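Right, one structure below, let's go through it.
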Amino acid sequence: MIKKLIDKLNEINKFDRNADNGERSKKLFGLAALYETPNEIIEAAAVVAGKGYEKFDVYTPYPLHGMDDAMGMDKPKVGYVSFIFGLTGMCLALLMIGWMSGIDYPNIIGGKPFFSLPPSIPITFEGTILLTGIATVLGMLVLFNKLPKIDSPLNDTDFMRNVSSDKYGIVIQTDDDLFTEQDVKNLYLSTGAYNVQEIFYRESNLTTKTPLFDKKFISAIIGTAVVTAVVTYFIVNFVLYSTVPFDWMWVQPRIDSQSPSTFFPNNSGMREPVNGTVARGFLPYEYKGLPDSSVKLLANPLAVSKEVLERGQDRFNIYCSPCHGYFGEGDGRLKGLFPKPPTLHSKKVKEWTDGNIYHVITNGQNVMPSYAEQVSRDDRWAIIHYIRALERSKDASEQDVELAK
Amino acid sequence: MSLDATYTRELPLVENNATLKDLDNIIALPTETKPTKGWWIAISISSTALLIGAISLFYTIYYGIGMWGNNQPVGWAFGIINFVFWIGIGHAGTLISAILFLFRQKWRTGIARFAEAMTIFAVMTAGIFPIIHTGRPWLGGYLLPLPNQNGVWVNFMSPLLWDVFAVSTYFTISFLFWGIGLIPDLAILRDKTTSKIKKNIYKVLSLGWTNSNRNWSNYERAYLILAGISTPLVLSVHTIVSFDFAVSVIPGWHTTIFPPYFVAGAIFSGFGMVSTVLIIVRKVFNMEHIITIGHLEKMNKILLATGTMVGFAYSMEFFVAWYSGNTFESFTFVNRAFGPYAWAYWIMFSCNVFFPQLFWFRKIRRSIPITFILVILVNVGMWFERFVIIVTSLHRDFLPSSWAMFTPTLTDMGLLLGSFGFFFTLLFLFLKTLPLVSISEVKAVVEGAQPTVHPHPHTNGKAIQEGGDGH
């Protein structure tokens, strides 16, 4: 079945050698002649060049040695392109290395200078060769040989089929100043051509429209580019960020916190601490829930210093001032929202021991909750020093003013 | 090509007085006919190997490099061995197409296209290994100095980076060289084919080539320039590959002989592979008159020369290990030849140094069965050379407490087999789709192909008779 289909397809596509005459115009491109041997063609080329023809070319299945001289051609100039681009490649590579490793991302590697020449030589060399090679090929094809030119009038002709196989041909173009049909034919026959034929332009050679700027062509190209870009974007995003093994090591064989695990009998991935475990910095408060009378003997472990007072002020302003006010007068920013606490400058508070205040902060009192979670032990003692300072500032004596100086 | 030196008369490069048309027909035949049974068998074997390689590649990428036998201290093993092996294979193609071209060796025309194709496929095969060795090959873009969100550039002082540049440049230039060589041949196929689909493909690929002499003139000059730049390039590539080892401080790697030693080894192994495949191909595609015994004999001479150079390098390494008085260095070499991997060392030594010495005899050089066996041994020997250099140097280095042996895993073996599968599948596809001998180049060197007269326009057509260079 498939074989039959392929055979049929081949039948349809069987190339008809005469068919390409259909697209030819009536306008003559040039006269072509075919020769049998290399010696004949090289002599004919010399004669044609000697007569002063300029728009002619010789067509051979392989390069013939000495033909450039016979045609009076200049030396090929491809080498200049290679040289210029070779130098450019070298400079670009050196500049790239110099800028990247010397300026933009300087790193000490093996105690060597950021930029040094010896380790840069291999890449500079490769850059030189790379640009030389690409420029030579593109320069030869595009700049000097004007390729690609698929619709050259010479292609798809019997003439071309002969010269690409085993014959040697010459074509003088009609746009040469000296061209007259009769002269050229005589010239060919006198130099031993065994076949002379007319080559006509294709219709497509005569139109000035460039197929590259065709609207349909350009919109097809842009459309393809956009569709490809969008599809690629989504595919790459999907593939590179969500599938194994392209998961950037997000997926790992470990149990995350809060996640279940059948490994343990209670199906919890997390383990509970052994009974009686005390975390660092979380020593339980031994007077928790007891009346304040029992803790009067607790003494402030911190000595008064500037740092301690500043720390106390800092913590007091954060945790206490919202209700108690910045100066402990019970006029905090939350007044109206919460019951107003009594002032800290009362006789009662002044007469309290430090341990009593500590107990209130840690245990809470009336509507005031415990601040043990938010304020560490040392910070509570520092706050107490600061409260004492506030109380003293409220009715400072003259001696205190002297001391403050 | 401009082969203008006058030689003493040699045997014709193309036997049996083939005409230009015969050459077209013989060389284009594989591209015009349906594949033979032999070709199908060959490609099914190679694509099976390729499939095994693809499965191993999947394992490597999915599970990671842990699937390989690499360990501490043997952090480089099959991956790097295969990389160096295949890069080396490629060097013969460039040597034949560029260096022999510069030396005006006309016999190169028969094998140049094929060897260049081998270069390209070998470099493609080689390129796979360093990329998958990175572990996460989809991040291979970071090997190049591309702007990235981390604001980081590559380390230009690392030989591994030089390798990236050398190998990619080598591939690009080899591809261009091969590509422009194909243009005139594709034009021949374009004018020869009877299928419209094929004609349109050839039309586009040949870029509308017209065989015009004004084009040939530029073409030949560009070819010469490419040959000129490929010659230092091919020498630089294996030099830089050898830097991967020589720039480190591992005993057995840290030697200045490495660059020339690697280049000679690369050419040696490349010619081994070219011969191996050509012996089969010339038989299968009936090209014994184009790729003659003369060609094989000349290649055997090169094998003899480079094999001897490699042997010299082996001996010199040993000598320097003793002469330097460096304990670690001498230990490494004694360990290579008499340690646990001595078998690998002696496979390498006998295949690369002893057996190629048989090519001193003309009868052996011109005997196809013996040549075939010897070149296969060269391939084996050169693979083991890289094994010896890499594994035996790493497995016992400075600290005896971290010594270990290396054992390849199934994945390692699969990738090695797969690399051959990849290479040969590409090669077989090439043999059926493109002319495996450069038609236009071979035409230029048949007898009577070049003019014996060299007239100039100002003589007004009066030819100057000269000795001429046509045979």
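The values are calculated or read from the model by the stated rules, or taken from the named source; none is laboratory data. Worth saying up front: this structure is predicted, and the values here are computed from it rather than measured. Note: ideal-geometry Cβ built from the backbone for every residue, glycine included; neighbour counts use all protein chains shown. Accessible surface areas use protein heavy atoms only, side chains included; no ligands, DNA or RNA. Shrake-Rupley method; radii C 1.70, N 1.55, O 1.52, S 1.80 Å.
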*Once the mean 1/r over all distinct Cα pairs of the range B:396-446 is inverted, what Kirkwood radius in angstroms do you read off?*
15.3
*Going from most exposed to least, what order do A:Glu351, A:Glu198, B:Glu116 have by accessible area with a 1.4 Å probe?*
A:Glu351, A:Glu198, B:Glu116
_Let's see if you can work this out: charge +1 on each Lys and Arg Cβ, -1 on each Asp and Glu Cβ, no other charges. What is the dipole magnitude of the range A:292-396 about its Cα centre, in debye to the nearest 20?_
220
*asked:* Can you classify the range A:292-396 as rounded, prolate or oblate using the Cα gyration tensor, where a ≥ b ≥ c are the square roots of its eigenvalues, rounded means a/c under 1.5, and otherwise it's prolate if a/b beats b/c and oblate if not?
replied: rounded
*Per q in 0.08, 0.10 1/Å, what log10 I(q)/I(0) does a Debye calculation on the alpha-carbon atoms of the protein assembly as shown return?*
-0.86, -1.20
*asked:* Residue by residue through the range B:400-409, what is 3J(HN,Hα) from phi via Karplus (6.51 cos²θ - 1.76 cosθ + 1.60, θ = phi - 60°)? Round to whole Hz and write x for glycine and proline.
replied: x, 5, 9, 5, 7, 9, 10, 10, x, 9
_P(r) weight above 24 Å for the range A:225-319, C-alpha pairs, percent_ = 67
_Just to check I understand the Karplus step: with θ = phi - 60° and J = 6.51 cos²θ - 1.76 cosθ + 1.60, what whole-Hz values come out for the range B:322-331, glycine and proline as x?_
6, 5, 5, x, 7, 4, 5, 4, 5, 4
_Relative contact order for the range A:292-396, counting Cα pairs under 8 Å that sit 6 or more residues apart, in percent_ = 35
*Per DSSP H run of at least 4 residues, take -39500 (n - 2.57); add these up for chain A, divide by its residues and hand me the 222 nm value, nearest 500 deg cm²/dmol.*
-12500 deg cm²/dmol
*Amide hydrogen neighbours beyond the local backbone of B:Ser195, cut-off 5 Å, H modeled*: A:Phe15
*Using alpha carbons only, how many degrees (0 to 90, rounded to 10) separate the axis of helix A:78-97 from the longest principal axis of chain A?*
10
*Using a 1.4 Å probe, how large is the accessible area of A:Thr124, given in Å² and rounded to the nearest 10?*
20
*asked:* Just to compare against my own numbers: the Cα pair-distance distribution for chain B, 10 Å bins, whole % per bin, please.
replied: 4, 18, 28, 25, 15, 7, 2, 0, 0
*In vacuum, with every alpha carbon of the range B:249-367 counted as one equal point scatterer, what does the Debye formula give for log10 I(q)/I(0) at q = 0.14, 0.19, 0.20, 0.22 Å⁻¹? Two decimals, please.*
-0.68, -1.01, -1.08, -1.22
*Which cross-chain or sequence-distant (5 or more) residues have an amide H under 5 Å from the amide H of A:Gly30, H modelled 1.01 Å from N in plane?*
A:Thr174, A:Ile199
*Springs between alpha-carbon atoms under 10 Å, Gaussian network over chain A: tell me which of A:Pro76, A:Pro153, A:Pro284 tops the mean-square fluctuations.*
A:Pro284
*Please give the helix B:196-205 orientation as an angle from the longest Cα principal axis of chain B, in degrees from 0 to 90, rounded to the nearest 10.*
70
_I'd like the accessible area for B:Arg365, computed on protein heavy atoms only with a 1.4 Å probe and all protein chains in place. Round to 10 Å², please._
30
*asked:* Cα atoms only: what Rg and Dmax, in Å, come out for chain A?
replied: 48.4, 137
*Where the Cα atoms of the range A:210-272 are projected onto their three principal axes, how long is each span, largest first, in whole Å?*
78, 14, 14
*Excluding ligands and nucleic acids, what accessible area in Å² is computed for A:Leu334 using a 1.4 Å probe, to the nearest 10?*
60
*Largest first, what is the accessible-area ranking of B:Thr327, A:Thr180 with a 1.4 Å probe?*
B:Thr327, A:Thr180
*asked:* Let me check against my output: what whole-number percent is the relative contact order of the range A:9-163, with C-alpha pairs under 8 Å and at least 6 apart?
replied: 26
*³J(HN,Hα) across the range A:189-202 via Karplus (A = 6.51, B = -1.76, C = 1.60, θ = phi - 60°), whole Hz, x for Gly/Pro?*
5, 6, 9, x, 5, 9, 7, 10, 9, 8, 10, 9, 5, 7
*How big is the range A:28-98 in terms of Cα radius of gyration and Dmax, in angstroms?*
19.3, 60
*Quick one: in the range A:30-208, what % of C-alpha pairs are over 24 Å apart?*
55
*Solvent exposure ordering (accessible area, 1.4 Å, most first) of A:Asp395, A:Asp177*: A:Asp177, A:Asp395
*Ignoring ligands, DNA and RNA and using a 1.4 Å probe, state the total buried accessible area between B and A in Å², rounded to the nearest 100.*
7400
*To the nearest 0.05, what FRET efficiency results for B:Lys196 and A:Ile150 with a Förster distance of 25 Å applied to their C-beta separation?*
0.95
*Could you work out the Kirkwood radius for the range A:96-191, taking every pair of different alpha carbons, averaging 1/r and inverting it, reported in Å?*
19.2
*asked:* For A:Glu36, what residues show an amide H to amide H distance below 5 Å, using hydrogens built from the backbone and excluding near sequence neighbours?
replied: A:Tyr194
_P(r) weight above 29 Å for the range B:286-436, C-alpha pairs, percent_ = 34
*So how far, in whole Å, is the C-alpha centre of the range A:202-269 from the one of the range B:336-376?*
51
*Tell me, what is the percent relative contact order of chain A, built from C-alpha pairs under 8 Å that lie six or more residues apart?*
17
